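**Student:** Have a look at the structure that comes next, please.
No value in this document is a laboratory result; all are computed from the given coordinates. Please read all numbers here as calculations on a predicted model, not as lab measurements. Every residue, glycine among them, receives a Cβ derived from its backbone with ideal geometry; neighbour counts consider all protein chains shown.
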Amino acid sequence: MAASSHVPWVVIPTFNEAENVTRVVGLAQEVLREAAPEGFRILVVDDRSPDGTGELADRLAAEHPDEVVVLHRERPTGLGPAYLAGFDVALSAGATHVMEMDADLSHDPRDLAKLLGAVRDGADVALGSRYVPGGGVSDWGLVRRIISRGGSWYARRTLGLKVRDLTGGFKCFRADVLRTIELSTVRSVGYAFQVELTWRAVRSGYRVVEVPIVFRDRTAGTSKMNWRIAREAVVLVPALRRSRWRATLPTPPAGEGAGGAIPRAAERAGGTGAVPADPSTSGESSSVRSPGR
Ligand SMILES: Nc1nc2c(ncn2[C@@H]2O[C@H](COP(=O)(O)OP(=O)(O)OP(=O)(O)O)[C@@H](O)[C@H]2O)c(=O)[nH]1
Ligand SMILES: [Mg+2]
């Protein structure tokens, strides 16, 4: 890799996405060449897809060695472990920002610019959100809408968070957030993974904003969502609350006070339509407190 890897990284997990991978990577490259002129990396994390997704990704990486990287894993163990492996590569390479995006074009790659912009404007985490003004879903039937909205509502109520879209997987983290929230102890695999990362970020006092996105149903390839993944979320969300996890935050450097390691309260991030997910301060109910607050 010739160019610096101290740039924003986008992690795209793939399993049997041969019909989508070339297009999604190409679109992301177009967007990021403008949004991140200093450079970027798109990391495809493929779990030995039998349909040849990994080989297609390798071809893209050979054509664009400064922009596309591929991580091959041995077998599909779910979205969470694939993301964790990808985060490890990105953080070890010195990523400044780490973004999550699905390969199936349900997430519009153009929104990468909005998410990155929201973090550059001062947020620590920007969530692509279907459930704030300006956001939405198209093409979904009633059952799918109810499951998704119900899932976010359930997680929000159980965890006492103000985030509207907790199960979405289109996100941008300031890299230091991922370095702080102890990824080595994250065990969740499916939707619960998305809930857990956001919950940990809020618990640690980070500023989380929601950026409106319109989510489109995949038009190619098949969904990997199943009832086991949904059940995991139902069980894991109350388990998260019971765990009362706290980040072991680094001690703030002398003179910086509590503002050093622990970020300030949520504020409006300008220019992206972002809204603070936790306008109070920590965004939590009184029974769950952030460290240092
Ligand atoms: N590497 C890897 N990627 C996975 C695995 N499971 C899912 N993915 C990828 O994760 C992303 C989201 O999975 P989807 O199947 O689209 O799940 P979903 O978006 O919740 O469900 P749909 O909206 O029905 O598509 C896609 O890019 C998948 O290819 C896995 O076990 N390993
Ligand atoms: Mg999908």
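**Student:** Going by C-beta contacts inside 10 Å, put Met225, Met99 in order with the fewest on the left. Don't skip to the answer; put the middle values down first.
**Tutor:** Working: Met225 13, Met99 28.
Ranked by crowding around the Cβ, least crowded first: Met225, Met99.
**Student:** From the phi angles alone, apply the Karplus equation (6.51, -1.76, 1.60; θ = phi - 60°) to the range 138-155 and give each ³J(HN,Hα) in whole Hz, x where the residue is Gly or Pro.
**Tutor:** 10, 6, 8, x, 4, 4, 5, 4, 5, 4, 5, 5, x, x, 5, 4, 4, 5
**Student:** Identify the GluC sites (Glu not before Pro) of the range 6-58 meeting these criteria: DSSP loop state and at most 14 other C-beta atoms within 10 Å of the C-beta.
**Tutor:** Filter output for the range 6-58: Glu38.
**Student:** All other residues with a Cβ under 11 Å from the Cβ of Pro13 taken together, and with Lys, Arg as +1 and Asp, Glu as -1, what is their net charge? Don't skip to the end; give the middle numbers.
**Tutor:** Numbers: positive: Arg73, Lys224; negative: Glu17, Asp46, Asp47, Glu100, Asp102, Asp104.
It works out to a net charge of -4.
**Student:** Towards the positive end of the charge dipole of the chain, with charges on Cβ (+1 Lys, Arg; -1 Asp, Glu), say which of Pro8, Gly54, Pro65 has the farthest Cα.
**Tutor:** Positive-most Cα among the choices belongs to Pro8.
**Student:** If you don't mind, there's one more thing I want to ask. Restricting to DSSP H runs of at least four residues, report the calculated mean residue ellipticity at 222 nm for the chain, -39500 (n - 2.57) per run over all residues, nearest 500 deg cm²/dmol. Write down the numbers at each step before the final one.
**Tutor:** On the way: 8 runs with 104 residues, N = 293.
After summing the helix terms and dividing by residue count, I get -11000 deg cm²/dmol.
**Student:** If you take the Cα atoms of the range 8-276, find Rg, then find the Kirkwood Rh from the mean of 1/r over all pairs, what is Rg/Rh?
**Tutor:** Details: Rg = 17.6 Å, Rh = 18.7 Å.
Rg divided by Rh gives 0.94.
**Student:** Taking only Cα atoms and a 10 Å spring cutoff, compute GNM fluctuations for the chain and point out the largest among Trp140, Trp153, Trp227.
**Tutor:** Looking only at Trp140, Trp153, Trp227, the largest GNM fluctuation is found for Trp227.
**Student:** While we're here: What is the antiparallel percent of DSSP beta bridges lying wholly in the range 8-276, to the nearest 5? Each step should come with its number before you reach the end.
**Tutor:** Working: 9 of 32 bridges.
About 30 percent, rounded to the nearest 5.
**Student:** Here's a follow-up. How large is the dipole of the chain about the Cα centre if only Lys and Arg carry +1 and Asp and Glu carry -1, each at its Cβ, rounded to the nearest 20 debye? Let's see the in-between values first.
**Tutor:** Working: 38 positive and 34 negative charges, 327 e Å.
Dipole size: approximately 1580 debye.
**Student:** Rank the residues Ile12, Ile213 as a footprinting-exposure proxy: fewest other Cβ atoms within 10 Å of their Cβ go first.
**Tutor:** Details: Ile12 29, Ile213 26.
By the 10 Å Cβ count, ascending: Ile213, Ile12.
**Student:** Only four residue types carry charge here, +1 at the Cβ of Lys and Arg and -1 at the Cβ of Asp and Glu. Report the dipole size of the range 17-107 about the Cα centre in Debye, rounded to the nearest 20. Mind showing how you got there, number by number?
**Tutor:** Numbers: 7 positive and 18 negative charges, 35 e Å.
I would put it at about 160 debye.
**Student:** If you don't mind, another one. Can you list the lysines whose alpha carbon sits under 17 Å from that of Lys114, skipping same-chain ones fewer than 8 residues off?
**Tutor:** Output for Lys114: Lys171.
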